[in-house]
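Chemist: Sharing a structure here in structure tokens format.
The values are calculated or read from the model by the stated rules, or taken from the named source; none is laboratory data. Predicted, not measured: the structure shown is a model, and the values here were computed from it. All Cβ positions, glycine included, derive from the backbone under ideal geometry; neighbour counts span all protein chains shown. With ligands, DNA and RNA removed, areas are computed over all heavy atoms of the protein, side chains included. Shrake-Rupley method; radii C 1.70, N 1.55, O 1.52, S 1.80 Å.
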Amino acid sequence: MRKLMTLALFALIATGVQAEAKKDSVNKNKPVFTVIKENPITSIKDQNRSGTCWDYSTLSFFEAEILKATGKTYDLDESFVANKTYMERAIQVVRYHGDCQFAQGGSAEDVLATMKTHGIIPQGIMPFPGSLYGDSLNNFNEFFKLLEPYVAAIAKSDAKKISNQWKVGLQGILDAYLGKCPEEFTYEGKKYTPKSFVQTLGINLDDYVSITSYTHHPFYTTFAVEVQDNWRFPQSYNLPMDEMMQVIDNAIDKGYTIAWGGDVSEDGFTRTGLAYAIDGKATQSLRGSDMAKWLKLTTAKKRDIIDSLGCNVPEIVATQELRQERFDNWELTDDHGMLIYGVAKDQNGKEYYMVKNSWGETGDYKGIWYMTKTFIAANTMDFLINKNAIPKDIRKKLGL
């Protein structure tokens, strides 16, 4: 019986392998990647059902910075950052009497500001994400149904004077779902405060700057990118698009990573681990149809077409003018934060950035996305980078 079961198991495995080989052989356009440059990163994390990509991607960035600077691997705590950030964002919303947004999203600046002001802690000191309410990972569905109306009730109050007790109540909710932030903790046999711990990590928090590229502000100056999750109004250095891309390429070449924020709502961003800046008109013409039909297709059907074309899918030409037009008409939105850490090319020689996501080990590449350079040029909102990763001539223009 055991022998028969073993033979049956081998038969099932062989059938599965054959089916997979047949499936891959059907699509000759599936990209085959060759790594050009890959910088060290820490493990893939899973933000699960929470709008905390800004938190996960930026802490991944700082983990990579620490790894580059010291060779040490850390897993920094996203819950600590979220706890501090949501309180500070709520305080701002109340100060504005509700005339700004309180939401799950954020920016890389929230992580940097937290580390500068409050410090940071390693994973394992606070409760594991989701564990306080019986989940295996973050699930903010119930959490934010409590937070949002709570903050709104205070911010929109018709009282002539409010007390500080609302902060006590809000902190209770934050601690109940995220865990209480420690004032002191022990790590690897040593006692730390969050502020003293961040000082041991081997990085200088004053080394980090934000880069963007738009024409409604002068180049080589700074401004706060006008999106709601930039509620701290962090200043970004404004570069022409070509120089913005030079910064990314130089950073990767010199061993740095980039905390990227941008738009992943485009048709060309697939759930299998690829991202193309699709030229819809050219793509549909390859299918023997016109642009009008492309626009009427469902998202699922568009993705089927994109998957079938694979590395041969036509892309737009990313330009400064197109970036500005899409930003101003709300097409280019601030959707997601990820970590750019390398460059690869496909069998046609097209180059892609290797990008770490925070959706667990999903997709064809176990949590890694391959995003074409055109996609990044067209869809970047802004990114956080070590100023030492910027080419010297560009740094000089920026006064850095």
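Chemist: Mind telling me which of the residues Asp229, Asp175, Asp158 ends up being open to solvent by 70 Å² or more (accessible area, probe 1.4 Å) and within 26 Å of Tyr96 (Cα to Cα)? Spell out the reasoning first.
Modeler: Details: Asp229 fails: open to solvent by 70 Å² or more (accessible area, probe 1.4 Å); Asp175 fails: open to solvent by 70 Å² or more (accessible area, probe 1.4 Å).
Checking each option against the conditions leaves just Asp158.
Chemist: Another question about this same structure. Please enumerate the residues belonging to the range 200-231 that are touching a residue at least 60 places away in the same chain (Cβ under 8 Å), at negative phi and not hydrophobic (A, V, I, L, M, F, W, C).
Modeler: Asp207, Tyr208, Ser210, Thr212, Ser213, Tyr214, Thr215, His216, Gln228, Asp229, Asn230
Chemist: Check Thr186 against each of (1) under 17 Å from Ala90 (Cβ atoms); (2) over 23 Å from the mean Cα position of the chain (by Cα) and name the one condition it does not meet.
Modeler: (1)
Chemist: Here is a further query. Any residue in the range 107-131 that's free of Cβ contacts under 8 Å to residues at least 60 places away in the same chain: show its pairings with residues that are open to solvent by less than 50 Å² (accessible area, probe 1.4 Å) and of a type in the set (Asp, Glu) at Cβ separation under 6 Å, as long as the two are six or more apart or on different chains.
Modeler: Listed pairs, sorted by first residue: Gln123/Asp77; Met126/Asp77.
Chemist: Say whether the condition of being within 30 Å of Gln235 (Cβ to Cβ) and open to solvent by 60 Å² or more (accessible area, probe 1.4 Å) is met by at least one residue in the range 126-136.
Modeler: For the range 126-136, residues within 30 Å of Gln235 (Cβ to Cβ) and open to solvent by 60 Å² or more (accessible area, probe 1.4 Å): absent.
Chemist: Please state which one of Lys72, Lys84 is in contact with a helix residue (DSSP H, G or I) (Cβ under 7 Å, 6 or more places away or on another chain), open to solvent by 10 Å² or more (accessible area, probe 1.4 Å) and not in a loop (DSSP other than H, G, I, E, B).
Modeler: Values: Lys72 fails: not in a loop (DSSP other than H, G, I, E, B).
Criteria check complete, one pass: Lys84.
Chemist: Can you pull out every residue in the range 183-215 that is touching an Asp or Glu at 6+ places or on another chain (Cβ under 7 Å) and under 20 Å from Gly71 (Cα atoms)?
Modeler: Matches in the range 183-215: Ile203 only.
Chemist: What strands (runs of 3 or more DSSP E) completely inside the range 131-249 contain at least 2 residues that are modelled with pLDDT of 95 or more and closer than 30 Å to Lys396 by Cα?
Modeler: Qualifying strands (runs of 3 or more DSSP E): 208-212, 236-238.
Chemist: Quick one: how many residues across the range 114-124 are assigned to a loop (DSSP other than H, G, I, E, B) and either open to solvent by 60 Å² or more (accessible area, probe 1.4 Å) or at positive phi (or both)?
Modeler: The total comes to 2.
Chemist: Against the conditions (1) under 28 Å from Thr215 (Cα atoms); (2) assigned to a loop (DSSP other than H, G, I, E, B), where does Phe327 fall short? Just the number, please.
Modeler: (2)
Chemist: Look through Ile91, Ile44, Ile36 and report the one residue that is farther than 20 Å from Asp334 by Cα, surrounded by fewer than 19 Cβ atoms within 10 Å (Cβ to Cβ) and within 19 Å of the chain's Cα centre (by Cα).
Modeler: Matching residue, one of Ile91, Ile44, Ile36: Ile44.
Chemist: From the set of residues in the range 94-113 that are of a type in the set (D, E, K, R) and open to solvent by 10 Å² or more (accessible area, probe 1.4 Å), which is nearest to Asp229 (Cα to Cα)?
Modeler: Here is the first cut: in the range 94-113, the residues of a type in the set (D, E, K, R) are 95, 99, 109-110.
Then drop every residue that is not open to solvent by 10 Å² or more (accessible area, probe 1.4 Å), which leaves 95, 99, 109.
On the way: Arg95: 17, Asp99: 14, Glu109: 10 Å.
If we take residues in the range 94-113 being of a type in the set (D, E, K, R) and open to solvent by 10 Å² or more (accessible area, probe 1.4 Å), then Glu109 is nearest to Asp229 (Cα to Cα).
Chemist: If a residue has to be within 17 Å of the chain's Cα centre (by Cα) and assigned to a loop (DSSP other than H, G, I, E, B) to count, how many in the range 94-113 make the cut?
Modeler: Within the range 94-113, residues that are within 17 Å of the chain's Cα centre (by Cα) and assigned to a loop (DSSP other than H, G, I, E, B) number 5.
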